[in-house]
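Here is the structure we will look at, set down as structure tokens.
The values are calculated or read from the model by the stated rules, or taken from the named source; none is laboratory data. On a predicted model such as this, the values are computed, not experimentally measured, just so you know. Every residue, glycine as well, gets a Cβ built from its backbone with ideal geometry; the counts of neighbours run over all protein chains shown.
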Amino acid sequence: MTDNAPAAIGTQYPLLFTYRDTLFGNGFVVEVQAVNGRALCVREAEDEYWVYGINPGGMAAHGVDAAGAHGAFRKAFTDILVDLAHESSNFDEFQAAVQTFFDDTNKGYEADWKQALPAVQRGEVSLEGIETVPANSPRSIAVTVKQVELVTPQDNSANVQYLLAA
Amino acid sequence: MPRVVRLNDVWLMLDACLPGYERIKKPHRWNVKHGGRVYHEVPLGEHGKRTNPEIEAGHVRGLVKFFQIDVACYSKFVNLH
């Protein structure tokens, strides 16, 4: 993710992200596919960008630029899934924990996320190379058992996509 | 460098502003639990400096927004902006 130009301090970027993770739990292998999760990227200061989760709401990460902040957010997302896998004694527990984690909205930043949409719609805020998609794109998370015989080397590659919501 | 706050000040803030909260230490982070909800990303602090470490204020901004803690309360304990 690259910025067009140095954005003003306080510029907000409403993001939608899609991630896929393959994880090992207690006696199970799972694939977690998060589609159109919501996050707000904010340029808080010179060389300081934060990405605050909206769904999931219980996390944040930072970097020196928007791409770095998103990369840290992506890693934190996986790390939290691994924590949830450690805490879950079986697949059903893990599935429920992931659903709760993803659905728990950060209502404080959700308000900011919504307020940031018009500036993107007017073309005043953009991110170079990042597509803009409707803010109401359907959001979901799927946790599915991964049959070991279906695991391929492609599972080593994280599916990472993030877009600007408008 | 991001603004930082002292972790002990965060706990004091939560004692006052989010009574009944529970903090749970994970291998790489603290979880803060309240009302059946969990904020997952409160850092432990830099390795080797975990007695009242400094943590980045943005994590605490996320925390106070998540639990919708009033600025009039949290600002008595931590400067987040």
Which of (1) assigned to a strand (DSSP E or B); (2) in contact with a His (Cβ under 7 Å, 6 or more places away or on another chain) does A:Asp79 not meet, given it meets every other one?
(1)
Could you go through the stretch A:55-71 and let me know if any residue there is closer than 19 Å to A:Pro118 by Cα, touching a residue at least 60 places away in the same chain (Cβ under 8 Å) and not in a helix (DSSP H, G or I).
no
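Suppose the filter is within 13 Å of chain A (Cβ to nearest Cβ) and under 11 Å from the mean Cα position of the chain (by Cα); does B:Glu54 pass it?
Judged against the criteria, B:Glu54 is not a match.
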Any chance the stretch A:1-11 includes a residue that's buried (at least 16 other Cβ atoms within 10 Å of the Cβ), out of contact with any Cys (no Cβ under 9 Å at 6 or more places or on another chain) and under 23 Å from B:Pro43 (Cβ atoms)?
no
Could you please find all residues in the stretch A:56-80 being more than 10 Å from chain B (Cβ to nearest Cβ), in contact with a strand residue (DSSP E or B) (Cβ under 6 Å, 6 or more places away or on another chain) and of a type in the set (A, V, I, L, M, F, W, C)?
A:Ala66, A:Ala72
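Going by the conditions given, is A:Ala85 at pLDDT below 95 and in contact with a Leu (Cβ under 8 Å, 6 or more places away or on another chain)? Walk me through how you get there before you give the answer.
Numbers: at pLDDT below 95: yes; in contact with a Leu (Cβ under 8 Å, 6 or more places away or on another chain): yes.
Spelling it out, A:Ala85 is indeed at pLDDT below 95 and in contact with a Leu (Cβ under 8 Å, 6 or more places away or on another chain).
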Spot the failing condition for B:Lys65; the list is (1) touching a Leu at 6+ places or on another chain (Cβ under 9 Å); (2) in a helix (DSSP H, G or I), and only one is missed.
(1)
Across (1) more than 15 Å from the chain's Cα centre (by Cα); (2) within 13 Å of chain B (Cβ to nearest Cβ); (3) over 24 Å from B:Val64 (Cβ atoms), A:Gly108 clears everything bar (3)
